[in-house]
Amino acid sequence: MKKIVAILLSAALLCTAAAIAIASPTKDSVSVHLEGFVAGDANGLHSDHWIGFSADNTTEFDSYTGFPATYGAAYYNGNIYGYVYGYDSESVLHDDFYVMDAATHFISYPEGASSEGEFVYGMAYNYADNKMYAICDDNKPYLATVNLETGALTKTVDIDLGSYLGIQCFTIDNSGNFYGLTFAAISSKLVRLNPATGSVTEIMSTDLPCFYAQSMAWDAATNAIYWAQVDSQTSSSNGLYRIDVASQSVSYLGQIGNNFEITGLVVIPDYVEPEPTAEPTVAPTAEPTQPADKLPGDINVDGSVDFADVSCLYMYLMGTFEATAQGVINADFNGDGSVDFSDVSELYMSLIAGDIK
């Protein structure tokens, strides 16, 4: 898997972009500034450069500095952190950990800091537990925490891909929900990653391919994922997309630069970063103590189980409904020890069948 991913991620853009007619964005009041590494350029003029651009005007960009190959990068507290990954002319692997000042774009390399040969192809900061995370590949994908002083990676969990072929990129929202895009030649799936168990839960289909080097980042101001998508072979869908998780919609924002392939995508905020929260809004990984008054399905804890609970359970899994501790316990409708979309389906079908009075 590692060799396959490395080959796919090292591919450059092959041809120019075709016109794309996809739904326009609906949240235009907030200007989102993004930056990333140009892994491929149709004209070859800006490859291997770090650039910045606006989600409102994706074709115009600022080129900041030349840069070694980098796939995983993330912003936190005024800095961009990441790893270079590539072989030089003497076939020596370079995997240095770097810190880039987001204001000056000055790059420093902490002495001796590296990924120790691990292929890091995505990074994101989790404000729920105040840690930097990376998605890595060692013949199979796994999540790891990143030491921001030394670049050391500490594996936390293997990702259980199930029927999916791989995870191409990932991000974390400000509530601690982990998202990924699956490897796909036709329609990538947006999935939720459980950082404790490594399990993958499908949220939606994007109807877009995801198999070359690409990246995504979460923006707290718009509560959306920004995805630098590329389909190098045909260039029929290349560009920046906004994924609204709550509404399960994908909006095309425009071609990036001159048909750029972007890795290490980050959002540079112009607002005060949120303080870390106590707990991420994801399903609990350890089964809580079951109280005597547990009422399976009553996620809004109003004393009854009805279709309102179906909506609340769905929104909870999407990260848009904050359940109480009792509500989370009740949310495990099928009693299998986890809260997922199977609970939504079974609760709905039980209500339809009249099994719940």
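The values are calculated or read from the model by the stated rules, or taken from the named source; none is laboratory data. Quantities reported herein were computed from a predicted structural model and do not represent experimental measurements. With ideal geometry, Cβ positions are generated from the backbone for all residues, glycine too; neighbour counts draw on all protein chains shown. Areas reflect the complete protein model, heavy atoms only, side chains present, ligands, DNA and RNA absent. Shrake-Rupley method; radii C 1.70, N 1.55, O 1.52, S 1.80 Å.
Mind listing whichever residues of segment 310-345 are farther than 17 Å from K294 by Cβ and in a loop (DSSP other than H, G, I, E, B)? Hits for segment 310-345 are G319, T320, F321, E322, D340. Applying a threshold of 6 Å to beta carbon distances and a minimum spacing of six or more residues, or different chains, the list of pairs starting in segment 201-212 at a residue that is in a loop (DSSP other than H, G, I, E, B) and ending at one that is hydroxyl-bearing (S, T, Y) and open to solvent by 20 Å² or more (accessible area, probe 1.4 Å) reads D207/S187.
If you go through segment 108-120 and keep only what is assigned to a strand (DSSP E or B) and more than 24 Å from the chain's Cα centre (by Cα), you end up with just S108. Just one residue in the set A134, A113, A102 is open to solvent by less than 10 Å² (accessible area, probe 1.4 Å), closer than 24 Å to I243 by Cβ and in contact (Cβ under 8 Å) with a residue 24 or more places away in the chain; that residue is A134.
Please indicate, with yes or no, whether at least one residue in segment 239-256 is at pLDDT below 90 and open to solvent by less than 60 Å² (accessible area, probe 1.4 Å). So that I can check it myself, show each step before the final result.
Taking segment 239-256 as the starting set, the residues that turn out to be at pLDDT below 90 are none.
The answer is no, given that none of the residues of segment 239-256 is at pLDDT below 90 and open to solvent by less than 60 Å² (accessible area, probe 1.4 Å).
Does A69 fit the bill of being aliphatic (A, V, I, L, M), buried (at least 18 other Cβ atoms within 10 Å of the Cβ) and more than 14 Å from G36 (Cα to Cα)? Judged against the criteria, A69 is not a match. Of the numbered criteria (1) surrounded by fewer than 22 Cβ atoms within 10 Å (Cβ to Cβ); (2) out of contact with any helix residue (DSSP H, G or I) (no Cβ under 8 Å at 6 or more places or on another chain); (3) polar (S, T, N, Q), the one T201 fails is (2). When the test is whether a residue is in a loop (DSSP other than H, G, I, E, B), closer than 14 Å to V266 by Cα and open to solvent by 10 Å² or more (accessible area, probe 1.4 Å), A221 passes it.
A184 meets the conditions (1) open to solvent by 20 Å² or more (accessible area, probe 1.4 Å); (2) of a type outside the set (V, I, T); (3) out of contact with any Gly (no Cβ under 7 Å at 6 or more places or on another chain); (4) under 19 Å from I225 (Cβ atoms) in every case but one. The failed one is (1).
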